Structure formats: C-alpha cells, structure tokens
Amino acid sequence: MDWLNTSLVDSGYHHIAPWAIWHARSMVLAWAFLLPLGALAARFFKVLPGQNWPKVVDHTGWWHVHRVFQWAGFVVMLLGIYTVYGHGAGQGSLAQLHAWAGWFVVTLGTLQVATGLTRGSKGGPTAEQMRGDHYDMTPWRLHFERLHKYLGWLALVASMGVIAAGLVLVNAPRWMLLLLLAWWVTLAFAFVWLQRAGRCIDTYQAIWGPDPTHPGNRRAPIGWGVRRPLG
C-alpha cells in the first residue's frame, strides 16, 4: 500500500489545487470512460447478439448509446476546460507538452461533434424520404465517415498520452496510473475480442440489410476491419 500511494515522480506528498483536481477528474471521466465506451458501442453493437438480422434491421440502440455517451463526454470535457482556463500556465517542457497536446485532443473532440452534426440526411426505406446522404452514400457522407471514424480513434489514442502526462505533471500517486492502465488494457482486450468475433459490421448493412439494390451496398465499407456478413 505504501508503494501504491507513493507519488510517480518522487516520494513527496501529493497535493494539487482544487481547480487542477476537477480538471483532471473531468478529463479522465470524459476521455478514459465516456467517449471510449460510446465509440465501442458504435463500432461493435450495430447488430445485437440474438437479433434476427437481416430480417430485423435498423436497430437504433447502438445509436442512442453512442449519442448519449459522446454528448456527455463532450460536456464533461468542456467542464474540464472551464476549470483549467486561466490556470494552465505551468512551467517546464512537460507542462507545455501537456497543454499543447491537450488542446490538440480537444480540437479533435470538437471536430467530432461538428462532423456529427453535419453528417447529412439519412434516407432509405426506414426514413420518411427515400433519398438521403447516407442511403445514397453521397460524397458528403463518404467524407463524413472517413473523418469521423479516423479522427475519433486518433483522438482517443492521443488522449491516453495526454492523461498520463497530466498524472506525471501533478505527481499523482502510482495507484492512479496503474488503475488507468488496467482500464485501458481492459478496453483494448474488449476491442480485440469483439473485432475477432466479427462484431464490427458495416453501418449501411446494419440499417438496410445486404440487398444489392441498395446503392451503398455497391461500395466498399469505410474503415479498417469493417465487414459485411452478406453480399
């Protein structure tokens, strides 16, 4: 227990200002828990186990979970920015690196929200209008999917380094970093297991099925490891 409570940099007492505490809590909650869980829901649960797919399509549970977790993560991230604003002028190269890398991750997170809000219309047989950016896989939709997927995962991976640097910067006790490392390993294990289990199913087929008459099924799926069970 003494070793776990020992600070990362030295054996000194771990004490930080209240604003830094709430900044750290907000950013860890957003980037280590809410946003990764929302991303996993979107990647691996578009078709649920036991769902009679492709007879039953367009199960929207994953979409609601993804939206709630990502919006919650974004709001908590904004709270973390508010708590640190005006206090982040730390000294030293690590403090500067943490600040600049943090703003890089925040920018990516904001772009995720912006691209999500401008993803275009849905369309298709399950919507009110047959024509739509997603159903027709218009150039707008194609650009959105590429940006949203690749930038989203880049932001999550980069946030791990920013969080770790922040813990070192405030001389946090070892148990905090070890707990986060265990959580990240758990997320990585879940990602690999679900990927190998074939759970990463193309959004287009999950919504409209494998019928080749749907225009999007005549295009290759976007993103690494995305599969189409049929067609």
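The values are calculated or read from the model by the stated rules, or taken from the named source; none is laboratory data. No experiment lies behind these values; they were computed from the predicted model shown. Positions of Cβ are generated from backbone atoms using ideal geometry, with glycine treated the same way; all protein chains shown enter the neighbour counts. With ligands, DNA and RNA removed, areas are computed over all heavy atoms of the protein, side chains included. Shrake-Rupley method; radii C 1.70, N 1.55, O 1.52, S 1.80 Å.
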Subject >> Unmet criterion (only one of (1) under 22 Å from residue 179 (Cα atoms); (2) open to solvent by 70 Å² or more (accessible area, probe 1.4 Å)) for residue 97 >> reply: (1)
Subject >> Residues that are under 30 Å from residue 220 (Cα atoms) and out of contact with any helix residue (DSSP H, G or I) (no Cβ under 8 Å at 6 or more places or on another chain), drawn from the range 146-187 >> reply: 146, 149, 150, 157
Original post:
Can you tell me how many residues in the range 172-205 are touching a Leu at 6+ places or on another chain (Cβ under 8 Å) and within 23 Å of residue 228 (Cα to Cα)?
Top reply: 5
**OP:** For the range 121-134, state whether one or more residues are part of a loop (DSSP other than H, G, I, E, B), under 30 Å from residue 19 (Cα atoms) and open to solvent by 90 Å² or more (accessible area, probe 1.4 Å).
**Re:** no
Subject >> Checklist (1) in a helix (DSSP H, G or I); (2) open to solvent by less than 70 Å² (accessible area, probe 1.4 Å) applied to residue 54, failing item >> reply: (1)
**OP:** Sort out which residues of the range 144-175 are farther than 22 Å from residue 35 by Cα and in a helix (DSSP H, G or I), and write them in order of number.
**Re:** 168, 169, 174, 175
**OP:** Could you tell me which numbered condition residue 194 fails, if it satisfies all but one of (1) among the hydrophobic types (A, V, I, L, M, F, W, C); (2) in contact (Cβ under 8 Å) with a residue 40 or more places away in the chain; (3) loosely packed, with under 13 Cβ neighbours inside 10 Å?
**Re:** (3)
Original post:
Can you tell me which residues in the range 28-51 are open to solvent by less than 40 Å² (accessible area, probe 1.4 Å) and over 20 Å from residue 222 (Cβ atoms)?
Top reply: 28, 30, 31, 32, 34, 35, 36, 51
**OP:** Of all residues in the range 1-24, count the ones that are of a type outside the set (A, V, I, L, M, F, W, C), in contact (Cβ under 8 Å) with a residue 12 or more places away in the chain and either under 19 Å from residue 87 (Cβ atoms) or touching a Phe, Trp or Tyr at 6+ places or on another chain (Cβ under 8 Å) (or both).
**Re:** 4
Original post:
Only one of (1) out of contact with any helix residue (DSSP H, G or I) (no Cβ under 7 Å at 6 or more places or on another chain); (2) assigned to a loop (DSSP other than H, G, I, E, B); (3) open to solvent by 70 Å² or more (accessible area, probe 1.4 Å) fails for residue 25. Which number is that?
Top reply: (2)
Original post:
Could you say which residue among 186, 83, 110 is open to solvent by less than 80 Å² (accessible area, probe 1.4 Å) and under 22 Å from residue 200 (Cα atoms)?
Top reply: 186
Original post:
If you check 222, 163, 201, 207, which single one turns out to be among the β-branched types (Val, Ile, Thr) and more than 24 Å from residue 115 (Cα to Cα)?
Top reply: 163
Subject >> Verdict on residue 152 being buried (at least 17 other Cβ atoms within 10 Å of the Cβ), under 30 Å from residue 29 (Cβ atoms) and not basic (Lys, Arg) >> reply: yes
Subject >> Filtered residues of the range 157-173 (kept if within 20 Å of residue 111 (Cβ to Cβ) and crowded, with 19+ Cβ neighbours inside 10 Å) >> reply: 159, 162, 163
Original post:
Does residue 160 count as at positive phi, at pLDDT 95 or above and out of contact with any strand residue (DSSP E or B) (no Cβ under 6 Å at 6 or more places or on another chain)?
Top reply: no
